[in-house]
Amino acid sequence: MRNMEEEVNGMKIKTLASRDLKASLENGGCGECQTSCQSACKTSCGVANQPCEKEQD
Amino acid sequence: MIHAYSLGGYHIALDVYSGSVHVMDGLSLRAVRLFERLDRRQTMECLRKEYPGHPDSEPEALKSLLDELDALKDAGLLYSPDDYSRCANRLREKDSPVKALCLHVAHACNLACSYCFAGQGNYHGSSALMSLETGRKALDFLVAHSGGRRNLEVDFFGGEPLLNWDVVKGLVHYGRELEKQHGKAFRFTLTTNGVLLNEEVIDFCNREMHNVVLSLDGRPEVHDRFRVDRQGRGSYGQVVPAFRRLAEARGGKGYYVRGTYTRNNLDFLRDVLHMAELGFTQLSMEPVVAPSDSPDALKEEDLPQLFEQYEQLAFEMLKRKREGRGFDFYHYNIDLRHGPCVHKRLAGCGSGTEYLSVTPNGDLYPCHQFVGEEAFRMGDLGSGVTNRALREAFRSNVLASRPECENCWAKLYCAGGCAANASHAAGSIRGVYRLGCELFKKRIECAIMLQAALEEEAPSGA
């Protein structure tokens, strides 16, 4: 599908913007997000697609 | 812990404990793998041997590459250690408020799908409808046990909840009163087979339901294989027009057209694409949950074909997105920037603690998949959770309590997986459902690849 042999901005590795999980130890845990099974699955738990409810920087 | 893989021309390294995702060329990915266990000199030697004559395996280029890896490590974005043990242990001891109920308003169904985990709707018991009084008690119970949680979730489930439509409406109205009295916000959802959808139901759902889950298995012949009425007649022709009317009138609110695939349609991609051809844009397709001796149950030997289907689905989604006719697939909805915090990822699915199922007569179970199994009855709305041993078993069933998950790269994406599937497959809620794990991991690989592709194509600064 794609040729990823080129460099990105002179660097070989591109890091996608993602939430700092370590920092979320401190700024997370409010518990207001959706329960895992309360959406379209009901038969196979996953948490990765549950958006955070908290305003983040 | 690193998970490194290549898919669709993307070479991706996932740093498990920081959650960072790195995209690179093939040689760099190999370097990321080697540098996790070898020192600088050994890594360079290996790469020079494996990539002879490659311009990027020249000493200067390799030095520059390993400097980059060191910089990522120093920034906490690569080879991050597991710093979560204290939090994980604390979660094991923590008492969660209840914030979500699966309300079984009808243990009855107007379809008779043989693959139904709920035994055609009555959960292997007698047919029953929840009374308005029991439903109100359930909402009172939820508010009373929700502590400081503001967002409360209630899913109208069954069986077929539209068989008890007046009670559903009554409970939504009651919930709106409770919101004002207690400063809570109810998010109602409804899961329906669509047989009884009419304009009044559609209008009410589109006003009041945060999400609606519409059961459709895909192509007509696939849907009608299982989703038949008591006379054996398929329901596709009846439900699809109603689902389309609901989706069109939804006005941007969430819905999912959700299917189940079985061993009979291992080519389930065609069913997902059929849903898209019908004009639906929020799609979900779940592997069947069935006893291993069922002819419909998925088997280990099916995995290569299923993996290929998930990969092709991701490629097709990317292609359609580029063509301006994209659709969402529930399991590929990963928001790397605003996804769940690590507490959520360590805590497990929440069944039996923050999430409970309520039967028509007010009995409490850890989740909908345990309903009808007497050993998993936790109590009832009158007395609350009285089976303390069971509550304790679920409360402590956090990710860290599942030894088989310890070395899995996907553990912070599934939080240990489904307790019911584990119980049914391995005999313990702390076990794992291996086939489900393999499918889950493939879906996460595809979802992250999609993110990498979309981010690359997004206008800069987006």
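The values are calculated or read from the model by the stated rules, or taken from the named source; none is laboratory data. What you are looking at is a predicted structure, and each value in this text was computed from that prediction instead of being measured. Cβ: placed from backbone, ideal geometry, glycine included. Neighbour counts: every protein chain shown.
Structure notes:
- Candidates are the residues of segment B:284-300 that are more than 15 Å from B:Val222 (Cα to Cα) and of a type in the set (Asp, Glu); the one that is farthest from the chain's Cα centre (by Cα) is B:Asp293.
- In this structure, B:Ala249 does not satisfy being free of Cβ contacts under 8 Å to residues at least 60 places away in the same chain, crowded, with 16+ Cβ neighbours inside 10 Å, more than 14 Å from chain A (Cβ to nearest Cβ) and not hydroxyl-bearing (Ser, Thr, Tyr).
- Residue satisfying all of: in segment B:156-167; outside any helix (DSSP H, G or I) and not acidic (Asp, Glu); nearest to B:Lys253 (Cα to Cα) among these: B:Phe156
- Segment A:22-46, subset closer than 24 Å to B:Leu439 by Cα and at pLDDT 85 or above, residue farthest from the other protein chains (Cβ to nearest Cβ): A:Gln34
- When residues in segment B:353-409 are screened for being in contact with a helix residue (DSSP H, G or I) (Cβ under 9 Å, 6 or more places away or on another chain) and of a type in the set (Asp, Glu), 4 of them pass.
- Residue check for B:Gly436: more than 24 Å from B:Asp82 (Cα to Cα) and free of Cβ contacts under 8 Å to residues at least 12 places away in the same chain: no
For every residue, the table says whether it meets (1) buried (at least 17 other Cβ atoms within 10 Å of the Cβ); (2) hydrophobic (A, V, I, L, M, F, W, C); (3) free of Cβ contacts under 8 Å to residues at least 12 places away in the same chain; (4) in a helix (DSSP H, G or I).
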residue: B:Lys169; (1), (2), (3), (4): no, no, no, yes
residue: B:His173; (1), (2), (3), (4): no, no, yes, yes
residue: B:Gln181; (1), (2), (3), (4): no, no, yes, yes
residue: B:Leu190; (1), (2), (3), (4): yes, yes, no, no
residue: B:Asp203; (1), (2), (3), (4): no, no, no, yes
residue: B:Asn211; (1), (2), (3), (4): yes, no, no, no
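- Residues of segment B:311-336 that are part of a loop (DSSP other than H, G, I, E, B), surrounded by 15 or more Cβ atoms within 10 Å (Cβ to Cβ) and charged (D, E, K, R): B:Asp335 alone.
- Residues that are within 12 Å of chain A (Cβ to nearest Cβ) and either under 30 Å from B:Pro291 (Cα atoms) or assigned to a loop (DSSP other than H, G, I, E, B) (or both), drawn from segment B:68-94: B:Ala75, B:Gly76, B:Leu77, B:Leu78, B:Ser80, B:Pro81, B:Asp82, B:Asp83, B:Tyr84, B:Lys94
- From B:Glu456, B:Glu438, residue being part of a helix (DSSP H, G or I) and in contact with an Asp or Glu (Cβ under 9 Å, 6 or more places away or on another chain): B:Glu438
- Number of the condition not met by B:Leu450 [criteria: (1) assigned to a helix (DSSP H, G or I); (2) within 11 Å of chain A (Cβ to nearest Cβ)]: (2)
- For segment B:1-21, the criterion of being aromatic (Phe, Trp, Tyr) and either more than 12 Å from chain A (Cβ to nearest Cβ) or closer than 30 Å to B:His210 by Cα (or both) is met by at least one residue.
- The numbered conditions (1) at pLDDT 80 or above; (2) within 7 Å of chain B (Cβ to nearest Cβ); (3) over 15 Å from the mean Cα position of the chain (by Cα) are all true for A:Ala17 except (3).
- Among the residues making up segment B:431-461, those that are among the basic types (Lys, Arg) and surrounded by fewer than 20 Cβ atoms within 10 Å (Cβ to Cβ) are B:Arg434, B:Lys441.
- Members of segment B:333-368 found to be β-branched (Val, Ile, Thr) and facing chain A (nearest Cβ under 8 Å), listed by number: B:Ile334, B:Val342
- Set B:Gly135, B:Gly121: member being among the small types (Gly, Ala, Ser), more than 10 Å from every other protein chain (Cβ to nearest Cβ) and part of a loop (DSSP other than H, G, I, E, B): B:Gly121
- None of B:Ala410, B:Ala420 is farther than 26 Å from B:Asp82 by Cα, crowded, with 19+ Cβ neighbours inside 10 Å and touching a residue at least 12 places away in the same chain (Cβ under 8 Å) except B:Ala420.
- Looking only at segment B:275-294, and only at residues there that are part of a helix (DSSP H, G or I) and surrounded by fewer than 21 Cβ atoms within 10 Å (Cβ to Cβ), the one that is farthest from the other protein chains (Cβ to nearest Cβ): B:Glu277
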